[in-house]
Amino acid sequence: MKKKLQTLLIVFCITIMMSVSTHAQQTVHLNSLQESTATIPSDKTDIPYATTDIPYLDAEGAQQTSADAETITSETSEWHTGWYVVQDSVTISSRVTVTGAVSLILCDGADLTINGGIEVTADRSLNIYAQSTDAKAGKLNIEKTADYAAGIGATRSSEECGSIFIHGGTIHVVGGAYGAAIGGGDMGEGGNIIINNGTITATGGTFGGAGIGGGYAASGGTITINGGTITATGGDGAAGIGGGGGNRSYYGDDGGMIAIHGGTIHSTGGENGAGIGGGNRGNSGRILITDGNITACGGDWSAGIGGGYNGSGQTIQIDNGIVSANGGTFGAGIGGGSFGSGGDILINGGHIAAIGGGNQNGGGAGIGGGGNGGGGQVSIKNGRIDAVAAGTAAGIGNGSGSSDHGSLTVSGGEIFAQGPTAAAISSALIIEQENYIIQIDTGSSSEQLSPMEGSPMIGSYRSSTGLHDPYAHITLSAHIATYVSRQEATCTKEGNIEYWHCTYCDQYFSDATLTQKITKEETIIKAKGHGEVIRKDEALATCVTEGYSGDMICVDCGEILEKGHVLLKLDHDYKDGICTICGGADLAYETTRPSDPETTIDTGIGQGTPWALLFAVSGCGVISGLLYGRRKKR
């Protein structure tokens, strides 16, 4: 028993010692493993905290993976050519400098705050990517930007901005005083800015920084927006998207080259700055909108889309999209700011609402000049356009106080124009569209519309003085044609060629494209008249039946041209009581009796037997028969 207890005790001690030894080995192994994970392989010693194969969405929204990327920390304030990634919440307390070509990935849920912004100057570029497009997309916040610097872009006065490409993420940027949120610093142009996606809020610095574009007194540079949700607000005198602001010493500048191809955009100019276009005293620059849902609101004295205060529309083209452009006080909806003309405005399509700003003392046109600005040259080729002026400005044309009405050329679309107390359209009006229907409604009587010679019209209309009623509705529409197939003419009935007829305008066309106009008379194939005529169903009369003269019938159409008539029966030609024509007996025919006693009738009894003798013999026979009968009865 004692030996068994000793044996068990020895086994227990050995077990305890082995357990302690194993735990010590595991601890040493774990410590060595933790140290190894913090060690960068020899081929990556130049990239601290390197990670690989980080997914991101490229410019087209397709998923890609990066090569080696450096993980951003609070100490990473210098970004050199290569990839960087933000994986959690990080705050960098100083301005970041970009050197070379840098790509930044904002991981889902990551949040990077940079107090001081990001410097991207000439010949340098920054690409910003995200991993998703929903609410969990990574964030970038730019705050506390120094004066004269852009939130993302140039830093020093007159310094040129580099290239900034935003492909995704939730980005909030505020520029320093005189600097744009994204683009140029003080007196610096916007550089090359491309936004493909993301949710972006860009607020320009006070004293003249654009939301996206130029810094104080500088142009917007080259701005391209392909998508995303963007809210851009300009500082004093600056555009929401476009040129920076200025003052009496330094004028603001034009919008640069602005191209919007999609996205949802809300852009608001500061006082004296356009929503999209020029800053204070700056023209619109070159603005192209091909798609998107866009709201542009100008600051006081500025256009919604176009020039800032004292700036003109320059070149504005809208091809499609939903566009709402609201001018500030005395600014046009689309065109010039106060004292600025409409410039060259081309609308090829889309749904456009342009509302001029102003009050009872004056205002800007819906499309055209700002207060005291000329109408410019406006061309509308398609789309639905609502143009409403303020004050005494025209719906389309000049602003109040200007006698330069400009011109409006229309070749398609539907236009509603309204000048509350002035002309709906003050511009010289030219409507040109071959084979289109032009309908103009001004609410006036037809007598007052005498220059138009009635409505609707086809093809063209010109008025050197516009439409001076306060309201005008112009529609141009293609013909509503009904196809009529070819019908051949008959001898008496007209036929027709193949043609198309517009029931709205009562025009006739010989082709399906409705380009070859013809008259109604030209559609008709004349009746050819009767050709060869024959007699049909003719029957000769006989002494038994009536006859029929026959109908005169057209061989081509079968029409009876002359109805026949009955022919009376012919007389019988009897001979010896028999008709020689039909062989019938004459019922009125009688044999002739002999006129003397000598006349005999051949009875077959005997030639020349007297009739008296025959009667006598017959009488004797009858009497003898009667006598014989009586004798037998006795």
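Against the list (1) within 19 Å of residue 346 (Cβ to Cβ); (2) modelled with pLDDT of 95 or more; (3) part of a strand (DSSP E or B), the condition residue 375 fails is (3).
Screening 143, 78 for residues that are modelled with pLDDT under 95 and either at positive phi or surrounded by fewer than 18 Cβ atoms within 10 Å (Cβ to Cβ) (or both) leaves exactly one candidate, 143. Pairs linking a residue in the range 191-202 that is over 13 Å from residue 175 (Cβ atoms) to a residue that is assigned to a loop (DSSP other than H, G, I, E, B) and open to solvent by 50 Å² or more (accessible area, probe 1.4 Å), with Cβ atoms under 6 Å and 6 or more positions apart or on different chains, are 196/226.
Just the residues that are surrounded by 13 or more Cβ atoms within 10 Å (Cβ to Cβ) and out of contact with any Gly (no Cβ under 6 Å at 6 or more places or on another chain), please, taken from the range 518-535. Show your work before the answer.
Initially, the range 518-535 is screened for residues surrounded by 13 or more Cβ atoms within 10 Å (Cβ to Cβ), giving 518, 523-525, 527-528, 530, 533.
Those that are surrounded by 13 or more Cβ atoms within 10 Å (Cβ to Cβ) and out of contact with any Gly (no Cβ under 6 Å at 6 or more places or on another chain): 518, 523, 524, 527, 528, 530, 533.
Of the residues contained in the range 481-499, none is found to be assigned to a strand (DSSP E or B), open to solvent by less than 30 Å² (accessible area, probe 1.4 Å), closer than 26 Å to residue 429 by Cα and touching a strand residue (DSSP E or B) at 6+ places or on another chain (Cβ under 9 Å). Are any of the residues in the range 182-201 under 10 Å from residue 235 (Cα atoms), surrounded by 24 or more Cβ atoms within 10 Å (Cβ to Cβ) and of a type outside the set (Lys, Arg)? Checking the range 182-201: not a single residue is under 10 Å from residue 235 (Cα atoms), surrounded by 24 or more Cβ atoms within 10 Å (Cβ to Cβ) and of a type outside the set (Lys, Arg). For the range 102-112, a tally of residues being farther than 21 Å from residue 154 by Cβ and without any contact (Cβ under 8 Å) to a residue 60 or more places away in the chain returns 6.
When you scan the range 362-371, do you find a residue that is open to solvent by 10 Å² or more (accessible area, probe 1.4 Å), in contact with a Gly (Cβ under 7 Å, 6 or more places away or on another chain) and not basic (Lys, Arg), even just one? No, every residue in the range 362-371 fails to be open to solvent by 10 Å² or more (accessible area, probe 1.4 Å), in contact with a Gly (Cβ under 7 Å, 6 or more places away or on another chain) and not basic (Lys, Arg).
Restricting attention to the range 500-520, the residues being closer than 11 Å to residue 481 by Cα, assigned to a loop (DSSP other than H, G, I, E, B) and under 26 Å from the mean Cα position of the chain (by Cα) number 7. Restricting attention to the range 542-563 and to residues that are modelled with pLDDT under 90 and in contact with a Gly (Cβ under 7 Å, 6 or more places away or on another chain), the residue that is surrounded by the most Cβ atoms within 10 Å (Cβ to Cβ) turns out to be 556. Of the residues screened, residue 424 is one that is within 30 Å of the chain's Cα centre (by Cα) and surrounded by 24 or more Cβ atoms within 10 Å (Cβ to Cβ). As a summary of the residue check, residue 197 satisfies the conditions (1) over 29 Å from the mean Cα position of the chain (by Cα); (2) polar (S, T, N, Q); (3) assigned to a loop (DSSP other than H, G, I, E, B) except for the one numbered (1). Residues in the range 139-169 that are over 18 Å from residue 224 (Cα atoms), in contact (Cβ under 8 Å) with a residue 40 or more places away in the chain and polar (S, T, N, Q): 145, 155. If the condition is being part of a loop (DSSP other than H, G, I, E, B) and either within 30 Å of residue 517 (Cβ to Cβ) or of a type in the set (A, V, I, L, M, F, W, C) (or both), then the range 401-438 contributes 411, 412, 422, 423, 424, 427. Could we say that residue 282 is touching a strand residue (DSSP E or B) at 6+ places or on another chain (Cβ under 6 Å) and either crowded, with 23+ Cβ neighbours inside 10 Å or farther than 11 Å from residue 219 by Cα (or both) here? No.
Checking each residue in the range 80-101 for being touching a residue at least 24 places away in the same chain (Cβ under 8 Å), more than 16 Å from residue 138 (Cβ to Cβ) and outside any loop (DSSP other than H, G, I, E, B) picks out 82, 98, 101.
The values are calculated or read from the model by the stated rules, or taken from the named source; none is laboratory data. No experiment lies behind these values; they were computed from the predicted model shown. Here Cβ is always computed from backbone atoms with ideal geometry, including for glycine, and neighbour counts include all displayed protein chains. For accessibility, only protein heavy atoms count, side chains too; no ligands or nucleic acids. Shrake-Rupley method; radii C 1.70, N 1.55, O 1.52, S 1.80 Å.
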